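Colleague: Structure below; questions to follow.
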Amino acid sequence: MASPARRKGNRAEVEAAALLASLTGWPVRRRLQEGRADDTGDLEGVPYTCVQVTAVENLVAALSVKLPALKAQQARAGAPFGVVLVRRRGGRFIAAMDMDQLVAMLRAAVSDCIHHPWDEATAP
């Protein structure tokens, strides 16, 4: 039987997957590989992104453990981006990543937007 903390974490992973799926339309689901040496993140279905989920009350403590773990998981997954989703009391999630991850994601988004077909459709 799983500990209360593990059950809480599992629930947070399921909730985060459902939330991301509903907001994006992607088939996001919980990856069942907890505790494995070859862990590649808690969720699958988010393109190019390794996602780690936690439900720890202390945000600083959660990020001090989860951000370094995310880097290792991201490397194993071969994902260019990584994010930690922290479930707060009441069900609200906060997304956190290192600055280099944010900059890489922003650069990719801007690069995609510069060459995106909708620019041509709205051009004068």
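Colleague: Suppose we filter 46, 28, 84 for residues that are hydrophobic (A, V, I, L, M, F, W, C) and within 19 Å of residue 6 (Cα to Cα); which single one remains? Even if it seems obvious, please write down each step before you answer.
Modeller: Details: 46 fails: within 19 Å of residue 6 (Cα to Cα); 28 fails: within 19 Å of residue 6 (Cα to Cα).
After ruling out the rest, the residue left standing is 84.
Colleague: Also, I was wondering about something else. Can you name the residue in region 1-55 that is polar (S, T, N, Q) and over 17 Å from residue 65 (Cα atoms) and is also nearest to the chain's Cα centre (by Cα) among such residues?
Modeller: The initial filter retains those residues of region 1-55 that are polar (S, T, N, Q), namely 3, 10, 22, 24, 33, 40, 49, 52, 54.
Cutting the leftovers down to over 17 Å from residue 65 (Cα atoms) gives us 3, 10, 22, 24, 33, 49.
Numbers: 3: 24, 10: 15, 22: 15, 24: 13, 33: 15, 49: 7 Å.
The qualifying residue nearest to the chain's Cα centre (by Cα) is 49.
Colleague: Just to verify a result, which residue in region 48-78, among those that are closer than 18 Å to residue 32 by Cβ and of a type in the set (Gly, Ala, Ser), is surrounded by the most Cβ atoms within 10 Å (Cβ to Cβ)?
Modeller: Per the stated criteria, the residue is 55.
Colleague: Also, I was wondering about something else. Take the conditions among the charged types (D, E, K, R), assigned to a helix (DSSP H, G or I) and either surrounded by fewer than 19 Cβ atoms within 10 Å (Cβ to Cβ) or in contact with a Pro (Cβ under 8 Å, 6 or more places away or on another chain) (or both) and apply them to residue 11. Does it pass?
Modeller: Working: among the charged types (D, E, K, R): yes; assigned to a helix (DSSP H, G or I): yes; either surrounded by fewer than 19 Cβ atoms within 10 Å (Cβ to Cβ) or in contact with a Pro (Cβ under 8 Å, 6 or more places away or on another chain) (or both): yes.
Against the criterion (among the charged types (D, E, K, R), assigned to a helix (DSSP H, G or I) and either surrounded by fewer than 19 Cβ atoms within 10 Å (Cβ to Cβ) or in contact with a Pro (Cβ under 8 Å, 6 or more places away or on another chain) (or both)), residue 11 qualifies.
Colleague: So if I check each of 119, 38, 112, which one is modelled with pLDDT under 90, surrounded by fewer than 19 Cβ atoms within 10 Å (Cβ to Cβ) and part of a loop (DSSP other than H, G, I, E, B)? Spell out the reasoning first.
Modeller: Details: 119 fails: part of a loop (DSSP other than H, G, I, E, B); 112 fails: part of a loop (DSSP other than H, G, I, E, B).
The unique qualifying residue is 38.
Colleague: Still on this model: Check 65, 28, 14 and return the single one that is touching a helix residue (DSSP H, G or I) at 6+ places or on another chain (Cβ under 6 Å) and among the aliphatic types (A, V, I, L, M).
Modeller: Values: 65 fails: touching a helix residue (DSSP H, G or I) at 6+ places or on another chain (Cβ under 6 Å); 14 fails: touching a helix residue (DSSP H, G or I) at 6+ places or on another chain (Cβ under 6 Å).
Answer to the selection: 28.
Colleague: From (1) free of Cβ contacts under 8 Å to residues at least 12 places away in the same chain; (2) among the small types (Gly, Ala, Ser); (3) closer than 19 Å to residue 92 by Cβ, pick out the condition that doesn't hold for residue 37.
Modeller: It fails just one condition, (3).
The values are calculated or read from the model by the stated rules, or taken from the named source; none is laboratory data. Just so you know, these numbers come straight off a predicted model, no measurement behind them. Please note: Cβ atoms are built from the backbone with ideal geometry, for glycine as well, and neighbour counts cover all protein chains shown.
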